[in-house]
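What follows is calculated from the coordinates using simple rules that are stated; it is not laboratory data. Source: prediction; values computed, not measured. Don't worry about glycine lacking a Cβ; one is built from the backbone with ideal geometry, like all the others, and counts go over all protein chains shown.
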Amino acid sequence: MAIFLSSYMINQSISEIKSQISNFSKLANRNDNEISLLAISKTFSSELVEEAFNSGIPDFGENYVQELLDKKTKLQHLKINWHFVGHLQSNKVKFIAPFVEMVHSVDSKKIAEEIDFRAKKENRKIKILIEVNTSDEKSKFGVKPNCAINFISEISHLKNIQINGLMTIGPFTDNPENSRPAFKKLRALMDEANNLKLTTEPLIHLSMGMSHDFKIAIEEGATILRIGTAIFGKRTKKDV
């Protein structure tokens, strides 16, 4: 009964979010086809992830390597695209390199080089996003905005990573508008990097916007929305 209820609630939540994305995109004169919904499933069960997958979401983001590996094993019968969105330690890269779709949180040369090294061993390219601390909060990871262009240039020679764009986390406040400056800054950085032609292929992704501020993110050019609470509800497990 609980799974049935969860299935119904998740399906309704996803339908509502997709409707909102479509509406917000139209208001911002954007095509909603250029915006992807990434379900952030950290601390939620594999059963709930499967319900969300069956409700039409193929992309899921996890923050912790061990939790990601556990869920991938339990859900190997599903064609899920797994993204890593948390702070990544270099000694953990080898565990996700064989399959991860994209790493959203690259913020050091050491991590970029380790991903490149592991991707080469797996005979594949791994898509990455550069995490930028656009809100200048000490509690957050990410490259400082004034260092982002140099950082992209510094790692652009690596052959087995594909720099697809940038990622940021807006400030957690009651007013979603407070996220707008951070999102504007990220968009400006991507435009600057593309104008300078720092990468072989243009950067195309802005991973920004969460359950509380994704409307603002859409207005500022987000291509990947990282939505967790609005799909699965509030987390009851300790976020470790």
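Among residues other than Tyr8 with Cβ under 15 Å from its Cβ, the summed charge is -4 (Lys and Arg +1, Asp and Glu -1). Do you know the relative contact order of the stretch 2-232, to the nearest whole percent, from alpha carbon pairs under 8 angstrom that are 6+ apart? Computed value for the stretch 2-232: 20 percent relative contact order. For Val85, Val65, the sequence from fewest to most other C-beta atoms within 10 Å is Val65, Val85. Taking only the alpha carbons of the stretch 141-240, we obtain Rg and Dmax values of 15.0, 45 Å in that order. The residue among Ser108, Met210, Gln20 whose Cα reaches farthest toward the positive pole of the charge dipole of the chain, with charges on the beta-carbon of Lys, Arg, Asp and Glu, is Ser108.
Let's see if you can work this out: charge +1 on each Lys and Arg Cβ, -1 on each Asp and Glu Cβ, no other charges. What is the dipole magnitude of the stretch 2-232 about its Cα centre, in debye to the nearest 20? Magnitude of the dipole: close to 620 debye. Remark on Lys127: its backbone amide H falls under 5 Å from those of Val103, Gln162, a criterion applied only to residues 5 or more positions apart or on other chains, H modelled at 1.01 Å from N. With the Kirkwood sum run over all distinct C-alpha pairs, the stretch 72-111 has a hydrodynamic radius of 11.2 Å. Fewest neighbouring Cβ atoms within 10 Å first, the residues Met9, Met167 line up as Met9, Met167.
Here Met210, Met190 are placed in order of increasing Cβ neighbour count within 10 Å, fewest first, which gives Met210, Met190.
Measuring against 24 Å, Cα to Cα, the residue pairs Lys74/Lys159; Lys42/Lys215; Lys79/Lys144 contain Lys74/Lys159; Lys79/Lys144 as the ones spanning a longer distance. Which number do you get for Rg(Cα) / (2.2 N^0.38 Å) in the chain? Rg over 2.2 N^0.38 Å, computed on Cα atoms: 0.98.
The residue list Asn175, Ala148, Gln162 was ranked by how far each Cα lies along the charge dipole of the stretch 120-186 toward its positive end, using unit charges on Cβ atoms, and Gln162 comes out on top. Across the stretch 87-202, Cα-Cα pairs more than 18 Å apart make up 50 percent of the total.
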